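The values are calculated or read from the model by the stated rules, or taken from the named source; none is laboratory data. Here the structure is a predicted model, which is why all the values come from computation and not from measurement. No Cβ is skipped: glycine too gets one built from the backbone with ideal geometry, and neighbour counts run over all protein chains shown.
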């Protein structure tokens, strides 16, 4: 690049001015075309528009200021055009950025693995619980909860378990120490199901009721591949005037389709629970084989998933002690309950229930 | 329980379906056939049944045949009880029920001159040998097999005694204290006055409803027998069976309620089979009944059933006809009920209950029977209308916020045991001494209700480290327990544990160990979700005993929000780490999240962002080791310069060159005004006020 100074103008006629300004414009344009790096760009900027030694300053001092008054206007117009041209060149060069070569020199190895930040995973049980709860929330069910340590009254007596029922045995139920001297109904135990929250809710609130109860429950069971002394249930209760068995069927059929897909079919079998009558077990068509029969459904095409039934009048009679509106001649209702572990294991292909409680990062990572 | 379809069909001459179809139809009506095994030509199938305990009446061939007859509306043959004419006896065997509160009926039949021998197919309807071999039922002798045959046929237990070993007559009574009896299993038993026995005039012969006695058992030499068929009260049988650790077919049935009217029928079936091998009936059937028990079983008062109730509870059917009167009548009649229409009201009945269905007591029980036999899957799927609103729990949103905060920070959620060992409880209980033990724990390690989530998190964290999973980020939201065995208190809690590197791996940048301040940041983030005016962290000298024993006393902090302790966190105490053979540093903590749930959530409020240039000024300070950041922080806060919009500890630098007791701190400050560009003179003045304030706090400016 020439460091040539701006010479004084010999003449101020139009053609001489055109010639002189065109030469500068060409010079600037050529130099701008050679800009290849941010350093080049900065050098170009200083050379042409720098405050102290910029060439435009020189042009202004030597040509514009030195011009006779009658030529000032024509020099000024040409100076303005040149200035705009150079500013344009600067903008363009800045916009273009560095050259390909310059960029290539900055290459990184994009095949190196990305820096991983752990992403927290919601527990599959929480996830499944929330899924179930939201299906019922959409049907108008509120969420209810209750204590994990319950009294015999709420867990058994008010759920219509007769006094000698085997579930009351300590072989099946975990109990709090030192209860022997207390009246049976006050004895504390770990709730064996979420059903006691049915009674707690009815005692608090007259009908209509629509409630889902997610929670942790315990039984005196040894751990194996599919059983755990600790597990989770979602219980549901719907009480109103004119609630029927066909409403129970329709509600659970809808819920199973919402949870497992619209092609799922349901099938109801008579069953027995002390707190419902009629009682039913519900099967869904196998979600793995679509009902054709596979290893997962033991070649039956069906998978048993939940228990349900119409609320037994005896249960309403207990609720009536605190809320007279639970008159079994006027209202009716249904209740249902499902094991969350079983559903989670099915949905996510978990083979051992114990994995759910081990806190193994490798297992949990799969749900992130 | 095993059922032969060949046997079933003898009671159902018109059964129109295959064994497979029958199995499915029974199963869909709650008489569950779990497995079907083809027994080859002419032998039908064997069903493996699973029948719920309330349907003890259906745990035999005739009971299941009754269900099938009702389902298909076909004829159910009566059990054949015709017996040869008895020879008159000079005197019937005396039978007395002394314990009338627990024995409702006792029948005794005497057969004389019989021959004990192997079983055969005696006559049509008594193919003992064939049925028993198909059922793989052990054949013992014609006498024992006859009682088993009656049991399998119609579910009534019977017992055959060697008559010649009986002295006097039969007395059903309670045992005498210390009375001895050798039972059929060869065990010598000492009886309790609560035990019910069948006795003769001198000794106990058997445990009533449970097991017969050794001394009166049928042997190859037996010529004369007494056949007992009775009805015993369920709880009495249950108590005796449990007391002696005996669970027999008989006790199983009596405990669940036998059929009061079945005794003479079963007695006839047994007698017919025995007499097929010779002998004769001696005298009448002695049949002693207790009227009060008969009234409570076979002669229960009729119950009302209204069709409107059937409709109100069951709803609509797929065929849209609903349950009709004739459907109700045919189902209940088929099951053995007698229906009479109540004259005053249309479509309602008085229903006389069958003696074998003690489980039917109320109108709802009959409605269930109608639904069950009609078929659950023939009811329509309807959705009930609902006009109410959905309420959410007050803790739902804060819990969601807490969970999201932990998840966003890269922590996995875990669920751990509700129980821990008492040593773990003592170590971690936030309220010392409030530990609730279990009465029947699963194991010693699970002996008490967890007072804290820390034991579970610690086990999970050390489990990962032991499996060489170095990077641990876990949290649990769960219930913790305190109080006493009289009254247990439950609270929600949040715990977290972390170990390993941050970030967990990087090919280009150095990773570093996660440490206290990483978790402090997490706690601050969590607390910032709630409306809290004043948050601070403090700690106590190790000799005060105020720091939880599971925490390193000088690398842990108490978290205080608006004057309330809301948690503790920090490095696991080296002693605890060593006890668990953990070499890595674990940062662990527990937040008493129930206390946060009581606070309102912080509502975001936007304020205008200043358009004017912020100015950053850094101050390089030298401080004595004893001066914590908090003091510099407070000195800057106390300046109350509105334009001092932010300040932070940008870097802490420790170096021996600074002097043994000193450390360097780079404080970064930002000044900004909402309405103007700050002038140089203003900045100068702010700067000198900052220097003055930090100097007063004990800092020196680094030259």
*For residues in segment B:240-251 being part of a helix (DSSP H, G or I) and surrounded by fewer than 18 Cβ atoms within 10 Å (Cβ to Cβ), which is nearest to the other protein chains (Cβ to nearest Cβ)?*
B:242
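Name the strands (runs of 3 or more DSSP E) wholly within segment B:536-604 that hold at least 1 residues that are in contact with a helix residue (DSSP H, G or I) (Cβ under 6 Å, 6 or more places away or on another chain) and in contact (Cβ under 8 Å) with a residue 60 or more places away in the chain? Give the derivation first.
Numbers: elements: B:551-561, B:564-572, B:587-591.
Of the strands (runs of 3 or more DSSP E) lying wholly inside segment B:536-604, those with at least 1 residues that are in contact with a helix residue (DSSP H, G or I) (Cβ under 6 Å, 6 or more places away or on another chain) and in contact (Cβ under 8 Å) with a residue 60 or more places away in the chain span B:564-572, B:587-591.
Looking at B:394, B:422, B:355, B:417, which is the one that is in contact (Cβ under 8 Å) with a residue 24 or more places away in the chain and touching a strand residue (DSSP E or B) at 6+ places or on another chain (Cβ under 6 Å)? Steps first, answer last, please.
Working: B:394 fails: touching a strand residue (DSSP E or B) at 6+ places or on another chain (Cβ under 6 Å); B:355 fails: touching a strand residue (DSSP E or B) at 6+ places or on another chain (Cβ under 6 Å); B:417 fails: touching a strand residue (DSSP E or B) at 6+ places or on another chain (Cβ under 6 Å).
Matching residue, one of B:394, B:422, B:355, B:417: B:422.
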_residue B:259 - would you say it is within 30 Å of residue A:251 (Cα to Cα) and under 38 Å from the mean Cα position of the chain (by Cα)?_
no
*In segment B:404-444, what count of residues is obtained for those that are in a helix (DSSP H, G or I), within 7 Å of chain A (Cβ to nearest Cβ) and touching a helix residue (DSSP H, G or I) at 6+ places or on another chain (Cβ under 9 Å)?*
2
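Taking segment B:80-100 only, how many residues are out of contact with any helix residue (DSSP H, G or I) (no Cβ under 6 Å at 6 or more places or on another chain) and closer than 22 Å to residue B:151 by Cα?
Step one: filter segment B:80-100 for residues out of contact with any helix residue (DSSP H, G or I) (no Cβ under 6 Å at 6 or more places or on another chain), giving B:80, B:82, B:84-100.
Cutting the leftovers down to closer than 22 Å to residue B:151 by Cα gives us B:80, B:82, B:84.
So the count comes out to 3.
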*May I ask you to say which residue of A:307, A:349, A:301, A:359 is out of contact with any helix residue (DSSP H, G or I) (no Cβ under 8 Å at 6 or more places or on another chain) and either closer than 30 Å to residue A:168 by Cα or surrounded by 21 or more Cβ atoms within 10 Å (Cβ to Cβ) (or both)?*
A:307
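From the list B:267, B:271, exactly one residue is at pLDDT 95 or above, part of a helix (DSSP H, G or I) and either outside the structural domain of residue B:156 (by TED's automatic domain parsing) or closer than 20 Å to residue B:96 by Cα (or both). Which is it? Walk me through how you get there before you give the answer.
Numbers: B:271 fails: either outside the structural domain of residue B:156 (by TED's automatic domain parsing) or closer than 20 Å to residue B:96 by Cα (or both).
That would be B:267, the only listed residue that is at pLDDT 95 or above, part of a helix (DSSP H, G or I) and either outside the structural domain of residue B:156 (by TED's automatic domain parsing) or closer than 20 Å to residue B:96 by Cα (or both).
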*Assuming residue B:508 fulfils every condition listed in (1) in a strand (DSSP E or B); (2) within 14 Å of another protein chain (Cβ to nearest Cβ) apart from one, which condition is it?*
(1)
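With the structure loaded, tell me whether residue B:27 is within 14 Å of chain A (Cβ to nearest Cβ), in contact with a strand residue (DSSP E or B) (Cβ under 7 Å, 6 or more places away or on another chain), surrounded by 14 or more Cβ atoms within 10 Å (Cβ to Cβ) and under 24 Å from residue B:329 (Cα atoms) or whether it fails that test.
Numbers: within 14 Å of chain A (Cβ to nearest Cβ): yes; in contact with a strand residue (DSSP E or B) (Cβ under 7 Å, 6 or more places away or on another chain): yes; surrounded by 14 or more Cβ atoms within 10 Å (Cβ to Cβ): yes; under 24 Å from residue B:329 (Cα atoms): yes.
Judged against the criteria, residue B:27 is a match.
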_So, residue A:122, is that one in contact with a helix residue (DSSP H, G or I) (Cβ under 7 Å, 6 or more places away or on another chain) and surrounded by 14 or more Cβ atoms within 10 Å (Cβ to Cβ) or not?_
yes
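Does residue B:108 satisfy the criteria of being crowded, with 19+ Cβ neighbours inside 10 Å and in contact with a strand residue (DSSP E or B) (Cβ under 8 Å, 6 or more places away or on another chain)? Steps first, answer last, please.
Values: crowded, with 19+ Cβ neighbours inside 10 Å: yes; in contact with a strand residue (DSSP E or B) (Cβ under 8 Å, 6 or more places away or on another chain): yes.
The answer is yes for residue B:108.
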*Go through segment B:203-221 and count every residue that is free of Cβ contacts under 8 Å to residues at least 40 places away in the same chain and over 14 Å from residue B:175 (Cβ atoms).*
1
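Report yes if some residue within segment B:377-391 is more than 7 Å from chain A (Cβ to nearest Cβ) and at pLDDT 95 or above; otherwise report no.
yes
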*Please specify each residue of segment A:131-150 satisfying the condition of being facing chain B (nearest Cβ under 10 Å) and free of Cβ contacts under 8 Å to residues at least 60 places away in the same chain.*
A:147, A:149, A:150
_So residue B:481 passes all but one of these: (1) farther than 28 Å from residue B:600 by Cα; (2) within 11 Å of chain A (Cβ to nearest Cβ). Which condition number does it fail?_
(1)
*Within segment B:130-145, count every residue that is exposed (fewer than 15 other Cβ atoms within 10 Å of the Cβ) and not in a loop (DSSP other than H, G, I, E, B).*
1
*With (1) within 11 Å of chain B (Cβ to nearest Cβ); (2) within 29 Å of residue B:465 (Cα to Cα) as the list, and residue A:348 as the residue in question, which single condition is left unmet?*
(1)
_Anything in segment A:180-203 that is closer than 21 Å to residue A:317 by Cβ, free of Cβ contacts under 8 Å to residues at least 60 places away in the same chain and not in a loop (DSSP other than H, G, I, E, B)? List them, or say none._
A:184, A:185, A:186, A:196, A:197, A:200, A:201
*Considering only residues of segment A:193-240 that are facing chain B (nearest Cβ under 9 Å), under 18 Å from residue B:446 (Cα atoms) and in contact with a helix residue (DSSP H, G or I) (Cβ under 7 Å, 6 or more places away or on another chain), which is surrounded by the fewest Cβ atoms within 10 Å (Cβ to Cβ)?*
A:223
*Failed criterion for residue B:478 (all others in (1) more than 41 Å from the chain's Cα centre (by Cα); (2) part of a strand (DSSP E or B) hold)*: (1)
*When the residues of segment B:445-455 are filtered to those that are in contact with a strand residue (DSSP E or B) (Cβ under 6 Å, 6 or more places away or on another chain) and in a helix (DSSP H, G or I), which remaining residue is nearest to the other protein chains (Cβ to nearest Cβ)?*
B:446
_For residue A:181, only one of the following conditions fails: (1) over 34 Å from the mean Cα position of the chain (by Cα); (2) closer than 30 Å to residue B:309 by Cβ. What is its number?_
(2)
*Can you work out which of the residues in segment B:392-402 that are more than 7 Å from every other protein chain (Cβ to nearest Cβ) and outside any loop (DSSP other than H, G, I, E, B) is farthest from residue B:316 (Cα to Cα)?*
B:402
*in contact with a strand residue (DSSP E or B) (Cβ under 7 Å, 6 or more places away or on another chain), touching a residue at least 12 places away in the same chain (Cβ under 8 Å) and surrounded by 15 or more Cβ atoms within 10 Å (Cβ to Cβ): does that describe residue B:643?*
yes
*Output the number of the condition that residue A:243 fails; it satisfies all remaining conditions of (1) in a loop (DSSP other than H, G, I, E, B); (2) out of contact with any strand residue (DSSP E or B) (no Cβ under 6 Å at 6 or more places or on another chain); (3) at the interface with chain B (Cβ under 10 Å from one of its Cβ atoms); (4) surrounded by 19 or more Cβ atoms within 10 Å (Cβ to Cβ).*
(2)
_If residue A:162 meets every condition in (1) assigned to a loop (DSSP other than H, G, I, E, B); (2) more than 26 Å from residue A:49 (Cβ to Cβ); (3) more than 14 Å from every other protein chain (Cβ to nearest Cβ) apart from one, which number is that one?_
(3)
